[in-house]
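What follows is a single structure, written as structure tokens, with notes after it.
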Amino acid sequence: MKLYRPATILVGVVFVLLGGVTRLAAPDQVYDEQNIKVIHGTIGQALDYTGSGSTMKVTRIKFARSVIDSSESDDKKALETNGIYLAIEWDAVRGAKKPDNINATLLADGGSVYEPVEGLSNSGIDFPDAGFAKTGTVVFELNPADITNLTLRLKPTMIFNYYNSDIEVDLGVPTDAIAQQMVDTAAPQYIVGTAVTRVAS
């Protein structure tokens, strides 16, 4: 029978532990989302956000060559782009439980992921107090050649690991021809209005 020295056994244990740590740190484990349910919808459809009784709905989308906040002074210049802006108008109804903060991203058919434009104080998505509803706009800057099959993804910023749900909204740009038509007919400017809160009906 072969005997192993304590040092040899110790080295073996270290390698086993390192293998376990490496496995845990692998991206497929760090970003494991087995507790996430993805709810799919389209424009005009109220979707349950995080199972909290609150709903989120995309009401309209508008493409534009430039954007400006309605609250800015008259001498404030509009934000312009060599690409195209997409303004997504939304309606949020708050349930009894306050939903987590929302991380909004735009997913393109080619794999690109877009974040909301910075520098617009009125652009964003959030929920009002319980019993109220809110309308507003979130704005993205896009590559005009990358807008086929756009999907808005709303993801809660979770601190704790518990069952939750993401929302994915198909923005209704199914073909390259329709995408090009939307770019060609984009408005010269989109004014980002201040979010409005009302009593939920």
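Structure values in brief
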item: Hits in region 148-160 - residues which are touching a strand residue (DSSP E or B) at 6+ places or on another chain (Cβ under 7 Å), farther than 19 Å from Ser52 by Cβ and in a loop (DSSP other than H, G, I, E, B); result: Leu150
item: Filtered residues of region 62-80 (kept if modelled with pLDDT of 85 or more and either basic (Lys, Arg) or open to solvent by less than 30 Å² (accessible area, probe 1.4 Å) (or both)); result: Lys62, Phe63, Ala64, Arg65, Ser66, Val67, Ile68, Asp69, Ala78
item: Members of region 95-133 that are assigned to a strand (DSSP E or B) and either under 24 Å from Gly172 (Cβ atoms) or open to solvent by less than 40 Å² (accessible area, probe 1.4 Å) (or both); result: Ile102, Asn103, Ala104, Thr105, Leu106, Leu107, Val113, Tyr114, Pro116, Ser123, Ala133
item: Cross-chain or 6+ apart pairs with Cβ under 6 Å, region 108-127 first and farther than 15 Å from Asp69 by Cα and without any contact (Cβ under 8 Å) to a residue 24 or more places away in the chain, then open to solvent by less than 30 Å² (accessible area, probe 1.4 Å) and not aromatic (Phe, Trp, Tyr); result: Val113/Thr105
item: Looking only at region 52-61, and only at residues there that are under 17 Å from the mean Cα position of the chain (by Cα) and open to solvent by 50 Å² or more (accessible area, probe 1.4 Å), the one that is farthest from Ala96 (Cα to Cα); result: Arg60
item: Among the residues listed as Glu141, Glu168, Glu89, the single one being touching a residue at least 12 places away in the same chain (Cβ under 8 Å), part of a strand (DSSP E or B) and open to solvent by 60 Å² or more (accessible area, probe 1.4 Å); result: Glu141
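The values are calculated or read from the model by the stated rules, or taken from the named source; none is laboratory data. The model shown is predicted, which means the values in this text are computed figures rather than measured ones. Cβ sites come from the backbone with ideal geometry, for glycine too, and all protein chains shown count toward neighbours. The protein model used for the area step is the full one, side chains on, heavy atoms only, and it has no ligands, DNA or RNA in it. Shrake-Rupley method; radii C 1.70, N 1.55, O 1.52, S 1.80 Å.
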